[in-house]
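The values are calculated or read from the model by the stated rules, or taken from the named source; none is laboratory data. Treat the numbers as computed from the prediction; the structure is a model and nothing was measured. Cβ sites come from the backbone with ideal geometry, for glycine too, and all protein chains shown count toward neighbours. SASA here: full protein model, heavy atoms, side chains in, ligands and nucleic acids out. Shrake-Rupley method; radii C 1.70, N 1.55, O 1.52, S 1.80 Å.
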Amino acid sequence: KPFPHHTGFIYFSDVAPSSSPCLILSVRSAGPWGRCMGSDCGPGGSQSRAVWCAHVDGWTTLHTNCDQAQRPSNQRNCFRVCDWHKDLYDWQLGAWNECVPVSARTFGAARQFMCSGGEEGIQTREVGCTLKADGSPAEDAICEYFEPKPRLEQACLIPCPQDCVVTEYSPWTSCSKTCGTGLRNRVRSVLVPPLFGGAGCPNLTEFQSCKPGACVGPEGLYSLRVGPWTPCVLPQTRTARQAKRRKGKGQGLRERGGVKDPETRELIQKKRSRNRLNRQESPFWDIQVGYQTREVACIHRNGSRCKLCSRLKSNLPLTIQSCVLPKDCQVTEWTDWSSCSKACADPESPRGTRTRRRQVLQFSVGEGVECPVLEETESCEPPGGSVPPCASYTWRTTEWSDCRVDVLLSQQDRRRTNMTGLCGGGLQTREVYCVQANAELLKYLNNLKEKDKASRPMENQLCTGPIPNRSQLCQIPCPIDCEVSPWGAWGPCIFENCNDQTGKKGFKLRKRQITNEPTGGLGSCPHLVEAMPCDEPSCYKWQLVSLDRCIPDDGKQCGPGTQLPQVQCINSNGELVDRSLCSSSAVLEPVSCEVPCARDCVLSDWTPWSTCSQTCSSKTVEGKQMRTRSILAYNAGEGGSLCPNSSALQEVRNCNEHACIVYHWQTGPWGPCTEDPSTAPLNTSAGTRPAADAQGLCSMGVQTRKVMCVRVNVGQVPPKKCPEGPRPSTMRPCQLPCKKDCIVTPFSNWTECSVSCDSAVKRKQSRRRLVIQTPSNGGQDCPLVLEEERDCEVPKVCPGFRWKTHKWRKCQLVPWVLRKETPGAQETCGPGLQTRAVSCRQLDGTQADISECLKSAKAMPAITQRCQLPCQDDCQLTNWSKFSSCTADCVGVRTRKRALIGRSKKKDKCKNTQMYPLSETQYCPCDKYNAQPVGKWSDCILPEGGRADGTAAMKVQGDVKECGQGYRYQAMVCYDQDSRLVETSRCNSHGYIEEACIIPCPSDCKLSEWSNWSRCSKSCGSGVKVRSKWLREKPYNGGRPCPKLDHINQVYEVVPCQSDCSQYVWVAEPWSVWKVSNVDLKENCGEGVQTRKVRCMLNTVDGPSEAVEDYLCDPEEMPLGARESRLPCPEDCVLNDWGTWSRCSMPCTRNNSHVRTAYALRYPGVGRQCPELSDREPCSLNLNCFNYFYNITDWSTCQLSPNAVCGSGIKTRMLDCVRSDGKSVDIKFCEELSLEKNWQMNVSCTVECPVNCQLSEWSVWSECSQTCGLDGKMQRQRSVVQASQGDGRPCPAQMEQWKPCPVRPCYRWQYSPWSECRVESVVCGHGTRYRNLSCFVSDGSGDGESSMVDEELCSSLELAVNGDKKIILKEACTLPCPGECYLMEWSDWSSCVNICVKGAGVDFGSVQVRSRAVLAQEPENLQLCPDQAWESQPCTGTTPFLYADFPPLDGNASTFIHILTESKLASRCPLQAGMCMCEEGFTEVLSPAGQLDQCAPIPVLEIPTAGDKKGDVKTSRAINPTLPTTIQPGRTGRTWYLQPYGPGQKWHTLCFNYRIQ
């Protein structure tokens, strides 16, 4: 280091400078140490640095200019750190030191300041690098290699000093003397200890002299004081005597041993063995009986000692006694750690536990140190890198059951009685079970064998993930019935095969079409072709198209003539074919006709032939057709042809003359799909369906069916009767489904047998397996046995351990040499000590290791006890006999006796029956018991069925019985005659009152059946039809709800419908004969009226068939039934009726017109003309000219199959052809216009299924909530497996049930209060106080009183009081001598005090304190009084807290202490200090001094609600009626809550006001 007054050179290095100054010429500098290098890890490394010589001005120079002796080293050893050192070294963090104010660390005196909440400070700690194994220190560089050095300082906050706070003084005690001068005392206790440098506690005791009066006689100045017992020691000569005695015995035995014969020696050996069992020779106890003494002194009232006078010596207490030499417990070293309980890899819980143990070598004896913990556990990780995975568990499911619709039916559904044919939406279920998820992997890792097909079911509790759905909606496709059109008309008589027209046999055919393709193909449709045999068949024929006009013969104007027919050639299907094909058929001849002359009668044309009245003919029935014509003009009187009579105006002919013989092919159902012998057998038995084929189809097969010819109304006939052409096929290909074998899981593990030695109770264990795939299509059947059961084995050795006590050894006295100086002592009698052996046994009596009893058995029995060897002068008595028997309970008395023994019978003092009673009498026990109910009735519980075990699959209970008659239970309690709780069996009760109850069954909403569908609202085009249901019964008790009803409680279903516009037609008969109003008999002509009958008729393929009601036909289309016109006179022109109007061309405008025409049937005479033969009319929109367009209706509601409840359906809509005036017309009008129509008329839809709420089974009843007492409950739960959907039955509200537990008495061990301090027969000194351990019974309620009962009732309990197993029944105490000054007993622990720093939110924990005050009896002994004492301890979480923020102790300050339970405040630090305020609902009542005196409840005003018959009471409470008008400073909110009494008259919150004097 350079000195300022020199110029020179020196070495620079990191070495500290020498303390002796020297002249320095140069400076040698050194760089930082380099990295630690070396080949090995650990201390063997080395590091170097650069060293150079520098001038004091900083420039570098030669090394020779520096002193070589002072040259720093440039190399040193170091610790080379490697990565694996991280597991060996770590930072050791010391505890933070006390918080030191920052002002105390600065130079100069500390500044005075006023504390306002707290002061900033700094606290430090030690941090060093240590070796983990033994904690030895290491270089910090090692730890810094892996982690920076933790901080050594941190800021802290010092609260303001808290002075000691004490309670007020207690009242003055009575005077310590009854005469003379004494003292009175009053004491107080510490509430808050001094904290953070606060003022110490003042005196806790205040003394005051008192003089009750002068003493009449001399005061008692002396008293005996007994000292404490000395430690137990062995007599000095005992070891030598015992060794000498053993040596002598051993030589004697050895000498005598050679004399005895072998049998005698064996008997002696057995006797020794028996004696050894009863002697204390256990290796775990080394009991040595020694002695201990104590001093008895004479003490003056002023505390000085005096000599014992002879009078006192005669009554001295015992000063020497036998004792057990204390021996500390000795244990072995720890065993090695066991292997880690987690021997596999589990990401969720990677760590396991391992244990180590140590054995007891020597149990503690006497006052020796108890044994430490014998077993230690720590967490661990599985060792090694290739750890197998842990067993994990997951849910598995069986395959879904068949889809069932019946579970969705409501109660009233008629289909419940007949389930066949149900389809649509349904419900299917499956079972869920738990398996070991990686069982196959683990099995493969263990034995490399093939995996099982299915995993073994495990306990359901092992699976923790979400449970898979156990039910789901499904769909049974509804079969679509085959729908066919009406029969078409009979066709012509044709050959069966037009290519082979041999023979004359033919058939007439009629056909119908399939309008709705059915499910499963066309095989379910009825026959579509019927055949009727006929004669003279032909495949082609001429069809009359029209007749030409009648042309008179010979070119005349009128008279007879002919009409040429216009024909075309058609085939049997009515299709136009080449005319040459009809060459073989007869050509239609010209039809004769007549053109009326001017004076002839004029007749109309014949009407078309009517529909044949019969489709066939028989002997009794013939088909007829009719046609008519009418007279249009009468003939002239002379020269004209006459009009025929009325019969000639009508013609009738036979029709359908063939016999009523109809044949058709009839098919049977398709048979099962069987293997096709022509193909290779590809079908194999498969356990599961192929993944590529969802339908499980394996190969092609064939199906066959029966086809026969049937004659209508007769039956089967030979096949040749039916035409061969339409004969159906008898065979078709089909897909064969795969065979599916039954798959079952392996058997689960056997259920555990309960460990019990009760052979009278037969216990069983079971195991089961589940069917996870049912067989089908001829697969392998399931095994018959799915569940097995067997008897549990009764264990050969009953589990459990017990202590066995051996005989007490002989009573050992203190050696005579030590007690012979004691007054009244005798050599062979007096108090002593005896010991016994204790061993560990199993319940069957076999020997067991002592550690088993330490873990499992009750407290170890005592191995020593005080004993008394009777002296000759002592009275000796026999033990008490047993009490005599009672003739009956509660009647008479019973006695027990004892007798004097030996010389005691002659001693007078022993005959004193007051001191030594020889008999005892007591009333006979009175066992009267009274049973009475207790608690509330349980829920109504239905009788339970069989319950599956834990491995059973979790099933869906579709129809779990949830209603009906059940039982509810009320607990019974049994008391004895002393009102003590006893077992209910004493009252001959099984613990319950049982009462029948009813759980009402849910009733679903009941509606009527659907009414019939109404007629379609339109007779032409699309309309709607309606059907309805009405409400019959509302739901109750949780039944299915009703659908939405209208105001008259009806529900409707409206669907679109379509009526064929040509279904009903008007049919007009021919016009009647004219009725001429202006009669001209000569001419028979003039104005007249014609009438005709118009009827509405059902239209069929054969034409109008039968008359129906007129309203079914369109009234606007009804033809006229009467007309007025002029009957032509002779020689007038006669026209036929007007033809139909021609169609108006589009668009409809008045510029366009349409026409109708007529032609002359009779030309006029000379000079007369025919009227116009055409009639023209302008086109007018919506009058005689119309536009047409398509109209599509709205979608219908979702329509289901009649056998479906829900699921997939179809919505439909209709297509109309609508005229421009809004009228629906036949669809053909729109079709003729070729209007575009790309609409979808059907769409699939879904009706939500009414799924009832599905619940799981009730769980098993839980354990009782209390092991004993009146309030125990058992509970069970169920869960929602499937929530209700749609209009399904909702879930019940009750998901949990409870019932009371059988009442059991609560037994517990309880201490009696400590006795007074007993110092034998003397006045003061060291004594003993005692307490008893008794068995108490209670009803378990906090309010109930406990009663003492026989100790046997607590025999099954662990010997512990409030969890403390260390039973202390006696303890040393001190009885102060007269005049002595002494410390009182400890006060009770105070409430917890919590000190907070205002505004900082810092909580310094909480403490509670107790104190001992001084009591004095003699004024002159005050200087000898001990110091008062106090001690504190941290609070537990359940202790009531005392919140304090006190002003400094100035002698006049009033300190408020708030005692609040922790639940009353959001945080444990109060917001306002020194303020007491009442809780909401209570008002402050202040004292005259302005301090809070009490919290009074604010009156509650009860206001009955108007119109409420139940008398509902609403509560209205006044708010802060006593709040002052001016808010006091600092009282911005209600922070402190005080309430004098809560329910049960217990303090809610207290505010104590103490004034420190």
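Here are the numbers for the structure shown:
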item	result
5 angstrom amide H check on V484, placed H, neighbours 5+ away	T515
Nearest-10 value in Å² for the accessible area of H990, using the 1.4 Å probe	130 Å²
Under-5 Å amide H pairs with V165, H placed in peptide plane, nonlocal only	L191, V192
Cross-link reach list, aspartates and glutamates versus K211, counting only Cα pairs under 13 Å and skipping chain neighbours closer than eight places	E1418
Surface per residue (accessible, 1.4 Å probe) for segment 1259-1344, Å²	52 Å²
Of K882/K911; K897/K928; K804/K855; K1006/K1044; K1006/K1029; K1025/K1237, pairs whose Cα-Cα distance is over 20 Å	K882/K911; K897/K928; K1025/K1237
Cα-based shape type of segment 815-890, given that a ≥ b ≥ c are square roots of the gyration tensor eigenvalues and the cut on a/c is 1.5	oblate
Charge dipole (segment 786-933, unit charges on Cβ, about Cα centre) - positive-most of L918, T864, W803	L918
Greater than 22 Å apart at Cα, pairs in K511/K541; K810/K858; K86/K149	K810/K858
Neighbour cut-off at most 14 other Cβ (10 Å), DSSP loop, GluC sites (Glu not before Pro), segment 1093-1129	E1109
Entries of K132/K1365; K505/K619; K327/K820 with Cα pairs more than 30 Å apart	K132/K1365
Amide H contacts under 5 Å for Q92, placed H, 5+ residues apart	G128, C129, T130
In Å², nearest 10: area of W1141 left accessible to a 1.4 Å probe	90 Å²
Highest average packing first - 1150-1159, 1213-1222, Cβ atoms within 10 Å	1213-1222, 1150-1159
Relative intensity, log₁₀ I(q)/I(0), of segment 1205-1337 from a Debye sum that treats every alpha carbon as a point, q = 0.12, 0.14, 0.16, 0.22 Å⁻¹	-0.83, -0.92, -0.99, -1.22
Solvent-accessible surface (1.4 angstrom probe) belonging to I570, in square angstrom, nearest 10	10 Å²
Highest-first arrangement of 852-863, 531-542, 780-791, where packing means the average Cβ count within 10 Å	531-542, 852-863, 780-791
Anchor K508: aspartates and glutamates whose Cα lies under 12 Å away (excluding residues fewer than 8 positions away in-chain)	E496, E530, D535, E536
Prolate/oblate/rounded call for segment 359-424, Cα gyration tensor, a/c under 1.5 rounded	oblate
Accessible-area ranking of V360, V1026, largest first, probe 1.4 Å	V1026, V360
Accessible carbon and sulfur surface of segment 964-1106 relative to its total accessible area, %, 1.4 Å	49 percent
Prolate/oblate/rounded label for segment 557-635 (Cα gyration tensor, a/c 1.5)	oblate
